[in-house]
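J.: Handing you a structure now.
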Amino acid sequence: RLADLAKPLFRNLRGAGPTKLALLVGYEEVDHRAIAKALVVAGLEASDSVIFVDFTGATLDPKIATGSVSGILDLVGEVGLWQRVVFQGSNFPKKNPAAPGKTEFIPRHEWDVFHAALKECGIPPERLGYGDFGADHGTMAFSRKKGGGRAHRQLRYTGAKETLIVRGAD
């Protein structure tokens with residue numbers, strides 16, 4: 001994470017290959033000046049690194065999010081020529097919407113937003129990457145009050161436009 005770059009452990013931790021570090025930055029903390037400063041403190045260049053821009057929690061409706069996502073990616077691109085800038089996000093709700101024994105379809109808005117942002121932002125497409133959480137979301141919560149619990153039997157299949165969820169009966 002961005003804040004970790006100033007810690008002594010991360011200042012000296014580097015990959016041996018061409019990619020020295022992968023940096024995870026939440027979409028709300030993208031500030032090109034702060035990112036550039038953190039790289040200087042860590043003794044790194046953007047060209048040494050891959051940056052993952054995490055859009056967990058962002059509204060990823062293509063009608064309203066494309067311009068914002070594109071703008072955030074452009075701000076990251078202002079820092080330097082990254083080895084790769086990876087969009088990371090999911091439109092999957094925090095709670096599985098499929099009731100026991102039922103089937104649901106979830107639109108893949110994150111995929112649509114990513115493709116639209118590819119066309120709008122100034123980072124060359126060969127330097128942009130896509131990472132999602134599969135048919136899931138960016139947070140995992142295990143209740144301590146409930147003592148864990150059984151996993152739901154389900155199948156998830158991600159297609160081009162939707163994720164199909166088939167949940168087993170209880």
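The values are calculated or read from the model by the stated rules, or taken from the named source; none is laboratory data. Because the structure is a prediction, the values reported are computed rather than measured. Because the Cβ atoms are built from the backbone with ideal geometry, glycine has one as well, and the counts that use them run over all protein chains shown. Heavy atoms of the whole protein, side chains included, go into the accessibility calculation; ligands, DNA and RNA do not. Shrake-Rupley method; radii C 1.70, N 1.55, O 1.52, S 1.80 Å.
J.: Starting at the first residue of the range 13-27, write each ³J(HN,Hα) from the Karplus equation 6.51 cos²θ - 1.76 cosθ + 1.60 with θ = phi - 60°, in whole Hz, x for Gly and Pro.
T.: With the stated coefficients, the range 13-27 comes to 8, 9, x, 7, x, x, 8, 7, 7, 10, 10, 9, 10, x, 4 Hz.
J.: Now, a different point. Cut-off 10 angstrom, C-alpha nodes, Gaussian network model of the chain. Which of 115, 32, 152 fluctuates the most?
T.: 152
J.: Right, another one. Could you pull out the pairs from 63/95; 37/63; 63/94; 95/119; 119/161; 20/95 whose alpha carbons sit more than 27 Å apart here?
T.: Too far apart for the 27 Å limit: 37/63; 95/119; 20/95.
J.: If you don't mind, there's one more thing I want to ask. Using a 7 Å offset from the Cα along the Cα-to-Cβ direction at both residue 31 and residue 160, what is the distance between the two label points in nm, to one decimal?
T.: 4.2 nm
J.: Given springs between every Cα pair under 10 Å in a Gaussian network model of the chain, which of 99, 65, 42 has the largest fluctuation?
T.: Checking each option, the largest mean-square fluctuation is seen for 99.
J.: Additional query: P(r) tail for the range 34-132, what percent of Cα pairs lie past 15 Å?
T.: 63 percent
J.: Now for a separate question. Report the semi-axes of the equivalent ellipsoid for the chain in whole Å, largest first, where each axis is √(5λ) for an eigenvalue λ of the Cα gyration tensor.
T.: One finds semi-axes of 33, 21, 13 Å for the chain.
J.: From the phi of every residue in the range 152-169, what ³J(HN,Hα) in whole Hz does the Karplus formula 6.51 cos²θ - 1.76 cosθ + 1.60 yield, where θ is phi - 60° and glycine or proline is x?
T.: Result, rounded to whole Hz: 7, 6, 7, 10, 10, 10, 9, x, 5, 10, 9, 10, 8, 10, 10, 9, x, 5.
J.: Here's something else I'd like to know. Report the gain in length on full extension from residue 56 to residue 68: 0.36 nm times residue separation, minus Cα-Cα distance, nm rounded to one decimal.
T.: Result for the pair: 2.9 nm of gain on full extension.
J.: Something else now. Largest first, what is the accessible-area ranking of 94, 161 with a 1.4 Å probe?
T.: Order by accessible area, largest first: 94, 161.
J.: Also: So how far apart, in nm, are the two label points at residue 22 and residue 151 if each is 7 Å from Cα heading toward Cβ?
T.: Modelled inter-label distance: 2.2 nm.
J.: Per residue of the range 87-102, what does 6.51 cos²θ - 1.76 cosθ + 1.60 with θ = phi - 60° give for ³J(HN,Hα)? Whole Hz please, x for Gly and Pro, Karplus curve as stated.
T.: 6, 10, x, 7, 9, 5, x, 5, 10, 4, x, 7, 6, x, x, 10
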